[in-house]
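What follows is a single structure, written as structure tokens, with notes after it.
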Amino acid sequence: MKFGIEFVPNEPLDEIVKDVKLAEDAGFEYVWVTDHYNNKNVYETLALIAKETSTIKLGPGVTNPYVRGPAISASAIATIDEISDGRATFGIGPGDKATFDTLGIEWTKPVTTVKNAIEEIKTLTSGGSTPSGAALQGAKAVQEAIPMYMGAQGPKMLETSGEIADGCLINASNPKDFEAAIPMIKKGIDAAGKNIADFDVAAYTSTSIGTDSEAAKKAAKIVVAFIAAGAPPMVIARHGLPEGFNDKCGDCLAKGDFGGAIGLIDDAALDAFSVCGTPDEFVPKIEALGEMGVTQYVAGSPLGKNKEESIKLLGEVIAK
Ligand SMILES: C[C@H](OP(=O)(O)OC[C@@H](O)[C@@H](O)[C@@H](O)Cn1c2nc(=O)[nH]c(=O)c-2cc2ccc(O)cc21)C(=O)N[C@@H](CCC(=O)N[C@@H](CCC(=O)O)C(=O)O)C(=O)O
């Protein structure tokens, strides 16, 4: 199992760099930086991380092809690849409609748009030019191809990731979600005549680890409430949660009743949408994900009550 860690660039950048260095020392192989227009810029954050680290692979987890055209993303990730001396990875997903409505950006044909973007970025970063004549000159074309990952959850997006990408980052924490997702990815892999052994299935989880199990669970509840609120009814049913559970969470959150939302999150909901507990409790949960075909465990927000302690404890899990 490979281990990755997610950072959201909405805190002081020197804090993020310090925590990424801790993660690198703890044995993490990947750092994924989220990309939302209202946070700090993903590429400037990655550049700082690249300068201050030496082994961890790094990339956007995930950007989208609507706020930046493929050629701009290609230039940005080729630059990160140069700064990091060949450690860049690239995660791209379709983004979400609400964000693009806010930005006044038309969000159409997400599968096709992501697919075309990946093809174009692959061409440009390996020194080629697009049919319209775009080509990277100053942004050094990379020696090794930069691994392409897709942020995907829907059936078509998952299938497309198998077909054209090197891996995918799936926002899910429970083996049941991968039981459903991996056959869809495999459909794309088979259609492209590729081998699933060469594909990285990353569980982009909500993680909360601590020496005190109950405190770790408590720290995850608000994040799980947001995840549950965004989960489609099919996923709610998959995890045996009561019908309308997502709407109940969403209603509380919409009213700003965070106490009410947290009150809804019981162990069943925590188990469905997060991985929580002590290092000893983590091991069987990560093994269960591995048995379902997950090849990279990405520790996502909140990590735990105390980020530094959580990164060190996750290092203990990595070492097991
Ligand atoms: C578009 C959507 O795809 P999805 O995979 O479910 O998208 C949900 C999320 O993955 C997407 O919002 C991501 O951008 C969210 N996301 C992030 N989104 C961000 O904006 N920033 C982030 O940092 C971020 C991180 C992230 C990490 C992991 C992860 O899994 C997702 C992440 C969907 O509805 N897909 C369906 C329908 C696709 C569709 O629209 N099909 C149409 C059009 C087909 C075409 O496009 O050609 C059709 O069939 O006619 C499907 O895949 O089957």
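The values are calculated or read from the model by the stated rules, or taken from the named source; none is laboratory data. Everything numeric in this text was worked out from a predicted model, so none of it was measured. Methodologically, a virtual Cβ is constructed for each residue, glycine included, from the backbone with ideal geometry; neighbour enumeration extends over all protein chains shown. All accessible areas refer to the heavy atoms of the entire protein, side chains included, with ligands and DNA or RNA removed. Shrake-Rupley method; radii C 1.70, N 1.55, O 1.52, S 1.80 Å.
Of all accessible surface on the chain at a 1.4 Å probe, what whole percent is carbon and sulfur? Walk me through the intermediate numbers first.
Values: 7420 of 14110 Å².
Of all accessible area on the chain, carbon and sulfur atoms account for 53 percent.
With θ set to phi - 60° and the Karplus curve 6.51 cos²θ - 1.76 cosθ + 1.60, what are the ³J(HN,Hα) couplings of the stretch 136-149 in order, to the nearest whole Hz, using x for Gly and Pro?
7, 9, x, 6, 3, 5, 6, 6, 8, 4, 7, x, 9, 10
On average, how much area does the Cα convex hull of the stretch 224-320 cover when viewed from any direction, in nm²? Could you put the intermediate results ahead of the total?
On the way: hull surface 27.3 nm².
With the hull built on Cα positions only, its mean projection is 6.8 nm².
How long, wide and thick is the stretch 110-212, going by the Cα atoms along their three principal axes, in whole angstroms, largest first?
Answer, in whole Å and largest first: 53, 36, 26 Å.
To the nearest 20 debye, what charge dipole does the chain have about its Cα centre, counting +1 at the Cβ of each Lys and Arg and -1 at the Cβ of each Asp and Glu?
Numbers: 29 positive and 44 negative charges, 104 e Å.
Taking the Cα centre of the chain as origin, the dipole is about 500 debye.
Grab the stretch 93-196 and count how many Lys pairs have their alpha-carbon atoms under 21 Å apart, sequence gap of 8 or more, or different chains.
Within the stretch 93-196, the lysine pair count is 20.
Once you put a point 7 Å from the Cα of residue 38 and another 7 Å from the Cα of residue 237, both along the Cβ direction, what distance in nm separates them?
3.2
Could you list the residues of the stretch 78-93 with an amide nitrogen less than 20 Å from a label point located 7 Å from the Cα of residue 129 in the Cα-to-C-beta direction?
78
I need the phi-derived Karplus couplings for the stretch 197-212: 6.51 cos²θ - 1.76 cosθ + 1.60, θ = phi - 60°, integer Hz, Gly and Pro marked x.
For the stretch 197-212, the Karplus-derived couplings read 5, 8, 10, 9, 8, 9, 8, 8, 9, 9, 10, 8, 10, x, 6, 10 Hz, x marking Gly and Pro.
Longest exposed-loop-site-free stretch of the chain, with GluC sites (Glu not before Pro), DSSP loop and at most 13 other Cβ within 10 Å?
Details: sites that count: 106, 144, 243.
It works out to 1-105.
Over the chain, average the accessible area per residue using a 1.4 Å probe and give it in Å², no decimals.
About 44 Å² of surface per residue is accessible.
Just from its helices, what would the mean residue ellipticity at 222 nm be for the chain, if runs of 4 or more DSSP H residues each count -39500 (n - 2.57) and the sum is divided by every residue, rounded to the nearest 500 deg cm²/dmol? Walk me through the numbers on the way to the answer.
Working: 14 runs with 163 residues, N = 320.
So the helix-based figure for the chain works out to -15500 deg cm²/dmol.
Between residue 251 and residue 54, what is the spin-label point distance in nm, taking each point 7 Å from the Cα along the Cα→C-beta axis?
Taking the simple label geometry, residue 251 and residue 54 are separated by 5.6 nm.
Just to confirm a number: summing +1 for Lys and Arg and -1 for Asp and Glu over residues other than residue 145 whose beta-carbon lies under 12 angstrom from that of residue 145, what do you get?
Local net charge: -2.
If the chain between residue 102 and residue 211 were fully stretched, how many nm would it gain, using 0.36 nm times the residue separation less the Cα-Cα distance? Could you put the intermediate results ahead of the total?
Details: separation 109, 0.36 × 109 = 39.24 nm, distance 4.10 nm.
Gain on stretching residue 102 to residue 211: 35.1 nm.
Pull up all non-local amide H partners of residue 151: gap of 5 or more, or a different chain, and H-to-H distance under 5 Å with H placed in the peptide plane.
92, 93, 169
Any chance you could get the radius of gyration and Dmax over the Cα atoms of the chain, in Å?
19.0, 57
Checking the cross-link filter: which lysines have an alpha carbon closer than 18 Å to that of residue 40, excluding same-chain neighbours under 8 positions apart?
18, 51
Can you run phi through the Karplus equation (6.51, -1.76, 1.60; θ = phi - 60°) for the stretch 101-109 and list ³J(HN,Hα) in whole Hz, with x for Gly and Pro?
With coefficients 6.51, -1.76 and 1.60, one gets 4, 4, 8, x, 9, 6, 10, 10, 6 Hz.
In terms of the ratio Rg/(2.2 N^0.38 Å) built on C-alpha atoms, what value belongs to the stretch 131-184? Spell out each step's value before the answer.
Details: Rg = 15.4 Å, N = 54, 2.2 N^0.38 = 10.0 Å.
After normalising by residue count via 2.2 N^0.38 Å, the value is 1.53.
Normalised by the number of residues in the chain, what is the relative contact order in percent for Cα pairs under 8 Å and 6+ residues apart?
On the way: 625 pairs, mean separation 60.3, N = 320.
Across the chain, relative contact order equals 19 percent.
Quote to one decimal, in nm, the extra length available between residue 280 and residue 176 on full extension: 0.36 nm per residue of separation minus the C-alpha distance between them.
Working: separation 104, 0.36 × 104 = 37.44 nm, distance 2.13 nm.
Net length gain for the segment: 35.3 nm.
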